[in-house]
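Asker: Right, I'll just put the structure down here and ask away after.
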Amino acid sequence: MASGIFALLDDIAALMDDVVLMSKIATKKTAGILGDDLAVNAEKASGFVSSREIPVLWAIMKGSFLNKLIILPFAFLLSYFIPWLITVVLILGAVYLAYEAAEKIYEYFVPHAHQAIAKEAAFLTPEQVLSREKEKIKAAIVTDFILSIEIVIIALGSVIGKPISTQIIAVSFVAVVATIGVYGIVAAIVRMDDFGMLLVKRKSTTSKFIGKQLIQLLPKVIKTLAFVGTIALILVAGGIFMHNIKPLHHLLESLPSLLGEFIAGIIGALLSFIVVKGIIIIWNKIKGK
């Protein structure tokens, strides 16, 4: 009896040790896409009335947890019954990430119409503001769903081949930490200007100076995160391409890994962007006829 209990404890300890190691690897693999997730959510959670920023963020965060509750069981079933399909989904996800990066770069040089629409917000009625808020929350949750799929699949891809129990614990850990971490940081970012306003109201000259800097820093932080997130998307996509497409791996393996992943990501971004835009142009012509 005693020997059986000790054997069980030894198995549990070995499992937890494996889980910790795999969780570290999975977290490292998903770190790149988390940068883009952070940038996207910071952008979507800003622009609301100050009193509504945290409630809106909380609504999006709850939607994010629900997204992962939906995604995780399907991902584990896929890993258990059709493990080779994880690689296929991983590559398809990398194509999406590469396209998203290309779209962000394109949007930087050719701004989309929604940027001009944002200026109309000051003239909306309270009912219209509430309706717009609900639309933005829904849009943010949909975007989070896509990013959550990528986070889960990338994390799962890094522990593939391990026992299913290890996969479940490690990937679930990454999913929870990613959600809490990202939205916790986003909450701090979007409240940066409010904290700055509090400092500005104080009598201290130093407090006023710091407060003004924080207010001016918020849009710069969001823009910086967007830039870093775009680079992260390229590197994450490029890393997936290099490790899962053998011809590309052999072509770029002589280069430093970071440079090789960046080149692979840029190639994927250009090709995916050209293909998608080409399909859209052809589709619009067909509809025009």
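The values are calculated or read from the model by the stated rules, or taken from the named source; none is laboratory data. Just so we're clear, the structure is a prediction, and the values are computed from it rather than from any experiment. Glycine gets a Cβ as well: all are built from the backbone with ideal geometry, and neighbour counts include every protein chain shown. Accessible surface is based on the protein model in full, side chains and every heavy atom, while ligands, DNA and RNA are left aside. Shrake-Rupley method; radii C 1.70, N 1.55, O 1.52, S 1.80 Å.
Asker: Which members of segment 238-251 meet the condition of being surrounded by 13 or more Cβ atoms within 10 Å (Cβ to Cβ) and under 24 Å from GLU150 (Cα atoms)?
Answerer: In the first step, residues of segment 238-251 are kept if they are surrounded by 13 or more Cβ atoms within 10 Å (Cβ to Cβ); the result is 238-245, 248-249, 251.
Across segment 238-251, the qualifying residues are GLY238, GLY239, ILE240, PHE241, MET242, HIS243, ASN244, ILE245, LEU248, HIS249.
Asker: What are the pairs with Cβ atoms under 7 angstrom where one residue, in segment 207-218, is free of Cβ contacts under 8 Å to residues at least 12 places away in the same chain and basic (Lys, Arg) and the other, located anywhere, is open to solvent by 80 Å² or more (accessible area, probe 1.4 Å) and assigned to a helix (DSSP H, G or I)? Sequence gap at least six, or different chains.
Answerer: Close Cβ pairs (under 7 Å, with a partner that is open to solvent by 80 Å² or more (accessible area, probe 1.4 Å) and assigned to a helix (DSSP H, G or I)) do not exist here.
Asker: Would you be able to tell me the number of residues in segment 148-195 that are among the aromatic types (Phe, Trp, Tyr) and buried (at least 21 other Cβ atoms within 10 Å of the Cβ)?
Answerer: 1
Asker: Does any residue in segment 102-118 that is under 30 Å from ALA264 (Cβ atoms) come within less than 6 Å, Cβ to Cβ, of a residue that is part of a helix (DSSP H, G or I) and modelled with pLDDT of 60 or more six or more places away or on a different chain, and which pairs are these?
Answerer: Between residues of segment 102-118 that are under 30 Å from ALA264 (Cβ atoms) and residues that are part of a helix (DSSP H, G or I) and modelled with pLDDT of 60 or more, the close pairs are ALA102/ALA269; ALA102/PHE273; LYS104/THR230.
Per-residue answers, yes or no, for (1) touching a strand residue (DSSP E or B) at 6+ places or on another chain (Cβ under 9 Å); (2) among the aliphatic types (A, V, I, L, M); (3) under 30 Å from LEU97 (Cβ atoms):
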| position | (1), (2), (3) |
| --- | --- |
| THR143 | no, no, yes |
| PRO163 | no, no, yes |
| ARG202 | no, no, no |
| ILE210 | no, yes, no |
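Asker: Another one. Being under 20 Å from LEU57 (Cβ atoms) and not β-branched (Val, Ile, Thr): is that true of GLY184 here? Break it down into steps so the answer makes sense when it comes.
Answerer: Working: under 20 Å from LEU57 (Cβ atoms): yes; not β-branched (Val, Ile, Thr): yes.
For GLY184, the condition - under 20 Å from LEU57 (Cβ atoms) and not β-branched (Val, Ile, Thr) - is met.
Asker: Of the residues LEU225, LEU198, LEU235, LEU258, which is part of a helix (DSSP H, G or I), open to solvent by 80 Å² or more (accessible area, probe 1.4 Å) and either under 30 Å from LEU92 (Cβ atoms) or among the small types (Gly, Ala, Ser) (or both)?
Answerer: Values: LEU225 fails: open to solvent by 80 Å² or more (accessible area, probe 1.4 Å); LEU198 fails: either under 30 Å from LEU92 (Cβ atoms) or among the small types (Gly, Ala, Ser) (or both); LEU235 fails: open to solvent by 80 Å² or more (accessible area, probe 1.4 Å).
None of the other options fit; the residue is LEU258.
Asker: For segment 155-177, what are the residues that are modelled with pLDDT of 80 or more and either in contact with a Lys or Arg (Cβ under 7 Å, 6 or more places away or on another chain) or hydrophobic (A, V, I, L, M, F, W, C) (or both)?
Answerer: ALA155, LEU156, ILE164, ILE168, ILE169, ALA170, VAL171, PHE173, VAL174, ALA175, VAL176, VAL177
Asker: Output the residues belonging to segment 201-219 that are open to solvent by less than 80 Å² (accessible area, probe 1.4 Å) and in a helix (DSSP H, G or I). Step through it out loud before you land on a result.
Answerer: Kept after step one, since they are open to solvent by less than 80 Å² (accessible area, probe 1.4 Å), are these residues of segment 201-219: 204, 207-208, 210-211, 214-215, 217-219.
Of everything in segment 201-219, those that are open to solvent by less than 80 Å² (accessible area, probe 1.4 Å) and in a helix (DSSP H, G or I) turn out to be SER207, LYS208, ILE210, GLY211, LEU214, ILE215, LEU217, LEU218, PRO219.
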